[in-house]
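The block underneath contains the structure these notes are about, expressed in structure tokens.
The values are calculated or read from the model by the stated rules, or taken from the named source; none is laboratory data. Only a predicted model underlies this, so the values are computations on that prediction, with no experimental measurement involved. No Cβ is skipped: glycine too gets one built from the backbone with ideal geometry, and neighbour counts run over all protein chains shown.
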Amino acid sequence: MQPCAVVILGPTATGKSALALAVASRFPAEIISMDSALIYRGMDIGTAKPSVAERAQTVHHLIDICDAADSYSAAAFAADAQRLIADICARGRLPIICGGTMLYYKALTQGLSPLPATEPAVREAIRREGETLGWPVLHARLKTIDPPLYAKYAPNDKQRIARALEVYTQTGRALSSFYTKQESGCAYPRLEFVLLPAADRVQLRAAIRERFLKMLADGLLDEVAALRRRGDLNLDLPSMRCVGYRQTWQYLAGSLSYEAMIEQSVIATAKLAKHQMTWLRGALASGERTALTPGDAHNVDVIMSALKAWSAFTPPPSQD
């Protein structure tokens with residue numbers, strides 16, 4: 001078949017993984033995870049990682065590829081995903097890209113500005129300075145170093161401020177100066193589907209709360225406790241900024257009550273979902289993607305019909 005990929009997008013807790021598995025059950029396919037939390041080993045419950053049985057049913061890629069102390073960029077995802085799409089298509093199988101990390105999606109489809117890597121020692125020095133002097137002080141430095149980002153960033157946006165100062169420290173150039181040229185995006189044709197729930201805040205909050213309570217029942221506290229015992233992790237790492245993990249860590253450290261941990265986790269997840277939905281509504285407005293209702297039993301048929309209607313696609317023979 002001609003190189004082609006199915007893309008299933010959606011905010012958190014909308015059944016993306018279940019839909020991808022259902023499509024994969026129709027004919028040979030492999031799933032490429034597009035989730036910035038699923039990359040970390042030892043973070044299974046709080047990320048709603050596919051089960052061992054589900055991963056045995058269908059090959060999954062880009063899950064458990066990083067230690068929790070490491071970082072993984074959108075540019076790295078784009079490169080890995082394009083390589084995997086080519087490999088999967090070469091095996092006569094269908095790549096299914098599934099997830100809700102929109103920066104990864106943008107990197108894959110539109111490309112990103114080529115940004116320099118920074119050294120761990122530089123990152124650590126700036127982090128210590130920010131914690132000592134306060135991030136508003138470091139933010140003020142951007143006024144002369146990088147005025148566009150100074151105006152754009154909030155004084156306490158320590159992640160972005162730190163990144164801008166890291167790049168300037170190592171290159172002598174403003175971070176915004178690297179945003180002028182973008183590397184090309186994915187060259188493979190894609191059929192894209194968006195799971196978008198109704199904008200019901202009360203219903204969304206209730207679903208998110210139920211999901212988080214289930215994670216707690218499944219052992220999330222023990223999972224985070226094991227991560228804390230390692231001794232080499234902290235709340236400034238990308239892995240520990242994942243929703244639910246930061247709040248659970250703070251509860252175990254004694255800085256949040258059990259009730260506050262639950263409430264703040266629900267609020268953080270709801271904010272993430274709102275941001276994702278805003279972005280996805282804009283994506284749907286382009287008319288190049290198909291909207292699906294979460295939980296609709298006909299979603300698989302919609303995707304199958306789209307595949308069959310696309311003249312360049314010929315399904316590989318069933319393995320049954």
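A few points about this structure:
- Across region 46-63, a minimum of one residue is classified as touching a Phe, Trp or Tyr at 6+ places or on another chain (Cβ under 9 Å) and touching a residue at least 60 places away in the same chain (Cβ under 8 Å).
- Among residues of region 247-273, those that are surrounded by fewer than 20 Cβ atoms within 10 Å (Cβ to Cβ) and touching a Pro at 6+ places or on another chain (Cβ under 8 Å), counted: 1
- Test: E223 is charged (D, E, K, R), in the same structural domain as P95 (by TED's automatic domain parsing) and either assigned to a loop (DSSP other than H, G, I, E, B) or free of Cβ contacts under 8 Å to residues at least 60 places away in the same chain (or both): no
- Per-region count, region 232-245, residues surrounded by 20 or more Cβ atoms within 10 Å (Cβ to Cβ) and outside any loop (DSSP other than H, G, I, E, B): 3
- Answer residue from region 222-231, given it is aliphatic (A, V, I, L, M) and surrounded by 18 or more Cβ atoms within 10 Å (Cβ to Cβ) and is nearest to E263 (Cα to Cα) among those: V224
- None of R190, R228, R205 is of a type in the set (D, E, K, R), in contact with a helix residue (DSSP H, G or I) (Cβ under 8 Å, 6 or more places away or on another chain), at pLDDT 95 or above and assigned by TED's automatic domain parsing to the domain that holds I262 except R228.
- Residue within region 150-161 that is in the same structural domain as S176 (by TED's automatic domain parsing), closer than 22 Å to N234 by Cβ, modelled with pLDDT of 90 or more and not in a loop (DSSP other than H, G, I, E, B) present: yes
- In region 211-266, the residue that is nearest to T47 (Cα to Cα) out of those that are among the aromatic types (F, W, Y) and out of contact with any Gly (no Cβ under 7 Å at 6 or more places or on another chain) is W249.
- Boolean, F178 is in contact (Cβ under 8 Å) with a residue 40 or more places away in the chain and either surrounded by fewer than 20 Cβ atoms within 10 Å (Cβ to Cβ) or in a helix (DSSP H, G or I) (or both): yes
- The set of residues from region 129-163 being touching a Ser or Thr at 6+ places or on another chain (Cβ under 7 Å) and crowded, with 20+ Cβ neighbours inside 10 Å comprises D146, L149.
- Selected residue [of a type in the set (V, I, T), assigned to a helix (DSSP H, G or I) and farther than 19 Å from S71 by Cβ] from T132, T169: T132
- Output for region 75-109, where each listed residue is of a type outside the set (A, V, I, L, M) and either outside the structural domain of L19 (by TED's automatic domain parsing) or within 16 Å of the chain's Cα centre (by Cα) (or both): F77, D80, C98, G99, G100, T101, Y104, Y105, K106, T109
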